[in-house]
1. Are any of the residues in the range 40-48 of a type in the set (D, E, K, R), out of contact with any Cys (no Cβ under 8 Å at 6 or more places or on another chain) and open to solvent by 80 Å² or more (accessible area, probe 1.4 Å)?
2. For the range 180-197, which residues satisfy the criterion of being assigned to a loop (DSSP other than H, G, I, E, B) and either open to solvent by less than 50 Å² (accessible area, probe 1.4 Å) or in contact with a strand residue (DSSP E or B) (Cβ under 8 Å, 6 or more places away or on another chain) (or both)?
3. What is the number of the single condition among (1) touching a Lys or Arg at 6+ places or on another chain (Cβ under 8 Å); (2) open to solvent by 30 Å² or more (accessible area, probe 1.4 Å); (3) farther than 30 Å from residue 21 by Cβ that residue 80 does not meet?
4. Inside the range 198-222, can you point out the residues that are open to solvent by less than 40 Å² (accessible area, probe 1.4 Å) and either aromatic (Phe, Trp, Tyr) or touching a Pro at 6+ places or on another chain (Cβ under 9 Å) (or both)?
5. Taking the conditions exactly as written (closer than 30 Å to residue 17 by Cβ, open to solvent by 30 Å² or more (accessible area, probe 1.4 Å) and part of a strand (DSSP E or B)), does residue 134 satisfy them or not?
6. Kindly state which strands (runs of 3 or more DSSP E) lie completely within the range 1-85 and contain at least 3 residues that are over 30 Å from residue 128 (Cα atoms).
7. When only residues in the range 137-179 that are of a type in the set (Phe, Trp, Tyr) and part of a strand (DSSP E or B) count, which is least open to solvent (accessible area, probe 1.4 Å)?
Amino acid sequence: TSNNYSITFVDGTLTVAQKEASISWSNTLFTYNGTAQKPTATVLNRVGNDVCTVTVSGEQTNAGSSYIATATALSNANYKLPTTPPTQTFKINKASLTITANDNAITYGDLPTGNGVTYSGFVNNETASVLGGTLGYTFSYAQYGNVGNNYIIVPNGLTSNNYRITFLQGTLTVAQKEATLSWTNTALTYNGTPQKPTATVSNLVNNDYCVVAVSGEQTNASATAYTATATAFNNSNYKLPTADADKQTS
């Protein structure tokens, strides 16, 4: 008011500018899961109960380091991004994948072989088709090694950019080879001493030597046939045949 002035009030303009957002980043370290992933950006300096979410670009799926995510937009028009869009580096670690050799059994004289593998750790319904390389095996057993169940199979050869692969061993069991017996000297003449047929092994491998122990020797002549039985080998890599193949009448 004024006693000396006649006052006229004229409107001015008040401009309310957007508030520049202050961005905070979280969730910057990931593990591969087969889907696209990116960090989370949050506005720190919101006023009151304002809600303001941040749109982020730069999501990545595959394992790798030094990816860059960028804040590109805000959901609340009262806020603006800084002149230089905020960015954040992030990393996706490989997921853990275990590949275990299946147990296998072979027979003495055979080459060692694998029996496939079992996978544990695939994500997002992925299968072995996403792996590179070629499945192979190493063995603690060499052909013509002695029979046993303490040999190991170790898988190898498969690779992946998204999985950190651990190869676990399986067990290779080497069974005895069943011998084929040949009988000779089955028609004998009484000589006053115990006598019996002779059994030999005809299917040895690797130039092996194998002597057959035979029981059932007889001294006296008889009108009926005696039966001799192969009872053991001196080579533990072989076993007696099944059924009656280990017996011979004479």
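1. no
2. 180, 185, 186, 188, 192, 194, 196, 197
3. All conditions are met except number (3).
4. Hits for the range 198-222 are 214, 216.
5. no
6. Ranges flagged: 23-26, 40-43, 54-57, 64-74.
7. Filtering first and then ranking leaves 163.
The values are calculated or read from the model by the stated rules, or taken from the named source; none is laboratory data. Not measured: the values here are computed from a predicted model. Cβ coordinates were reconstructed from backbone atoms using ideal geometry, including for glycine residues, and neighbour counts include every protein chain displayed. Remember, those area values only see protein heavy atoms, side chains included, never the ligands or the DNA or RNA. Shrake-Rupley method; radii C 1.70, N 1.55, O 1.52, S 1.80 Å.
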